[in-house]
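This report refers to the structure that appears directly beneath it.
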Amino acid sequence: MKAEEKVQSISNAVRQFEKVSAMPFVRGYMLAVVNCTEPGHVENSVRQVFPKGPGRYSFQTAVSYRCNPGYYLLGTSTLSCQGDGTWDRSLPKLVLCDRPSMPPYAQISGDRRTVGSVIRFSCIGQRTVVGNTTRMCQLDGQWSGSLPHCSVISCGNPGTPRNSQILSHDGLVFSHSITYTCRDGYYSNGLLTRHCTVNGTWTGSMPECTGFTMDADRASTLGYQLSLPTVITCQGNGTWSGEKPQCFPVFGGDPGVPARGKREDRGFTYPLVSVFLLSSFGWWAQPDDTVSLMAFGAALSHPA
């Protein structure tokens, strides 16, 4: 066999060997094909392989990951097989927030932990959320804000205004209310209901129940007296109780007639102060035989 034919035969054999074994030759040296291991899958994603050699994950092969709608990756989405048989970076991870802690006396609505998911906190019984009522899963895999807690918020006893009584109340804690009513004869121009707020205070101010009265001491003057009733009261419906009293002169009544005498009078009301008592025949009256009517309606005793 000629030398040229021999070289050609060896060359053909090498090509055939490369084709079969996929082991290239460089300057007469046989090189092993580099393959990377299975990179793995990422949950809720689609993987795509871009081969560069005879093997599925040969040198320079790229593997790309793409998340399903609503999911996000943490890290680079594409890996490349290196010459040493390793991937150039670690497998990306799906962004998921940890399961949130459950505060005492609380409940959580919403069970998704992907980016953009929102959970809501509420409290059980007579408690309210102090802090964030909602938290969102962020791109860094952390929940926004801080963990809230449930607490009983009390506004304390607001007291009872004068001339009023408590009509109804359902507690002294947040979101509850208390309602007053004025007693008969009194009214209020303000609100009679107060609500306990989240900051532990009552809305509005303490209501006032007021009434208008007129008594004998203020209404009467010397020598006069009030007809009954001497007190009228403004009622809850805006009207006065009873009829308006009137002032009349003090009436002393009939002082009578002494024995063996007769009377000359000018009336029995104040300030007509004297009643003259004249003696009958054979008798005479003393110089002071008069009866004076006092301002409070009593008469001095008449002579014998």
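The values are calculated or read from the model by the stated rules, or taken from the named source; none is laboratory data. Keep in mind the model is a prediction, meaning the values are calculated, not measured. All Cβ positions, even for glycine, are placed from backbone atoms using ideal geometry, and neighbour counts span all protein chains on display.
Any residue in the range 164-187 that is among the aromatic types (Phe, Trp, Tyr), closer than 30 Å to residue 127 by Cβ and either at pLDDT below 90 or in the same structural domain as residue 130 (by TED's automatic domain parsing) (or both)? Within the range 164-187, one or more residues are among the aromatic types (Phe, Trp, Tyr), closer than 30 Å to residue 127 by Cβ and either at pLDDT below 90 or in the same structural domain as residue 130 (by TED's automatic domain parsing) (or both).
The set of residues from the range 180-194 being of a type outside the set (A, V, I, L, M, F, W, C) and over 17 Å from the mean Cα position of the chain (by Cα) comprises 180, 181, 183, 184, 185, 186, 187, 188, 189, 190. Just one of (1) of a type outside the set (D, E, K, R); (2) out of contact with any Leu (no Cβ under 8 Å at 6 or more places or on another chain); (3) within 30 Å of residue 52 (Cα to Cα) fails for residue 102. It is (3).
Residues in the range 159-178 that are under 16 Å from the mean Cα position of the chain (by Cα) and β-branched (Val, Ile, Thr): how many? Summing the residues that are under 16 Å from the mean Cα position of the chain (by Cα) and β-branched (Val, Ile, Thr) in the range 159-178 gives 2.
The residues in the range 28-85 that are farther than 30 Å from residue 112 by Cβ and either within 47 Å of the chain's Cα centre (by Cα) or assigned to a loop (DSSP other than H, G, I, E, B) (or both) can be counted, and the count is 21.
Listed here are the residues, each with its yes/no results for (1) within 26 Å of the chain's Cα centre (by Cα); (2) in a strand (DSSP E or B); (3) surrounded by 15 or more Cβ atoms within 10 Å (Cβ to Cβ).
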site	(1), (2), (3)
101	yes, no, no
111	no, no, no
116	no, no, no
121	yes, yes, yes
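The selection criterion, being outside the structural domain of residue 196 (by TED's automatic domain parsing) and in contact with a Leu (Cβ under 6 Å, 6 or more places away or on another chain), does not hold for residue 129.
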